[in-house]
Amino acid sequence: LLYTIKFEVSLIWQGHAMSLTPEIIQELIEKLEGDGSSDRKHIMLSYNWGIQELVRKVHDYFESKGVPCWMDIKGGVSGDINAAMALGVEGAMVICPFMTEKYQESESCRLELSYAKDSEVQIVPVMAQAADSNGNPYKQRGWLGVITAGKLWTDFREVGEDDALIEERADKLLLEIANKLNVDTRGGFKPARAPAPKPAKPVADPPRSTTPVADPPSKKPSVAVKPEPAPAPTAPVPSAPVPSAPVPSAPNTTSGALEDLLYRVRKINLVGWHKKYVNATPEGCRNDE
């Protein structure tokens with residue numbers, strides 16, 4: 001009961017319907033069938049044979065709603081079991097593992113669900129056992145707990161032979177599958193769209209004036225003028241000497257007297273030199289000059 005309440009509250013919180021409607025079933029079928037027979041997918045029911053009768057009833061109920069479903073005893077397995085299981089996984093859009101203690105211990109079930117996970121098939125688990133062999137509440141562990149961790153499972157515990165209860169839980173399973181495949185399940189919770197706003201009437205432009213308007217005087221930003229630096233003082237350049245014209249010398253009127261004077265000085269010196277070194281007379285010296 002507690003799980004059922006949590007399941008329905010989660011659906012309300014997410015905005016999904018709490019009951020399966022024909023519209024949801026039809027959209028789910030279209031999602032599975034795709035564009036043609038080559039793209040047609042199915043819902044695969046994975047289980048241990050210990051609960052085969054329960055799984056068969058779920059399969060038949062899905063088929064009665066027109067939902068494509070795959071089960072091994074319903075023509076799904078022929079010849080090589082592993083090859084048939086691989087085809088069942090590869091053709092599935094959703095796989096529903098019916099989790100029990102025996103399912104967790106089965107190597108075939110482990111390979112089947114692990115292959116589905118590796119193939120990116122959506123996993124929607126089903127809890128099909130209330131208590132384990134020790135009388136404790138059953139909880140999936142080990143590899144099965146890892147693969148199904150964090151996934152919301154549908155409760156099929158203690159349904160017994162009650163067909164009405166089985167169909168009620170099967171409806172919830174279909175609803176959870178539709179949610180997983182992003183089928184619109186909001187139903188009555190779909191918010192109403194706000195009416196589109198009416199377009200505003202265009203406002204006529206005011207009449208334009210024909211009088212020319214003078215442009216306002218433009219204010220040019222004042223630019224500060226930097227003062228020019230004073231010229232550096234230059235050293236005075238010495239002027240070249242102006243050549244003076246040669247001054248003509250005055251005619252020498254005393255050249256004759258000067259020459260006579262110099263002659264006499266030289267004569268006196270020569271006479272003295274002869275007296276000292278040659279012992280000659282002035283007359284002889286004059287004759288020798």
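The values are calculated or read from the model by the stated rules, or taken from the named source; none is laboratory data. Computed from a prediction, not measured in an experiment: that's the story for all the values here. Reconstructed Cβ throughout: ideal geometry from the backbone, glycine too, with neighbour counts over all protein chains shown. These accessible areas exclude ligands, DNA and RNA; they are computed on the full protein's heavy atoms, side chains included. Shrake-Rupley method; radii C 1.70, N 1.55, O 1.52, S 1.80 Å.
Inside region 145-162, can you point out the residues that are loosely packed, with under 12 Cβ neighbours inside 10 Å and in a helix (DSSP H, G or I)?
Initially, region 145-162 is screened for residues loosely packed, with under 12 Cβ neighbours inside 10 Å, giving 146, 149-150, 158, 160-162.
Of everything in region 145-162, just one residue is loosely packed, with under 12 Cβ neighbours inside 10 Å and in a helix (DSSP H, G or I), namely V146.
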Matching residues, region 105-144, being touching a helix residue (DSSP H, G or I) at 6+ places or on another chain (Cβ under 6 Å) and in a strand (DSSP E or B) = Q122
Per-region count, region 92-132, residues open to solvent by less than 40 Å² (accessible area, probe 1.4 Å) and within 18 Å of L175 (Cα to Cα) | 13
Residue satisfying all of: in region 163-187; surrounded by 19 or more Cβ atoms within 10 Å (Cβ to Cβ) and among the β-branched types (V, I, T); farthest from C96 (Cα to Cα) among these | T185
Would you mind stating whether L20 is closer than 24 Å to V159 by Cα, of a type in the set (A, V, I, L, M), assigned to a strand (DSSP E or B) and modelled with pLDDT of 80 or more?
-> no
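Look at Q140 and say whether it is surrounded by 19 or more Cβ atoms within 10 Å (Cβ to Cβ), in contact (Cβ under 8 Å) with a residue 40 or more places away in the chain and in contact with a Gly (Cβ under 9 Å, 6 or more places away or on another chain). Even if it seems obvious, please write down each step before you answer.
Details: surrounded by 19 or more Cβ atoms within 10 Å (Cβ to Cβ): yes; in contact (Cβ under 8 Å) with a residue 40 or more places away in the chain: yes; in contact with a Gly (Cβ under 9 Å, 6 or more places away or on another chain): no.
The answer is no for Q140.
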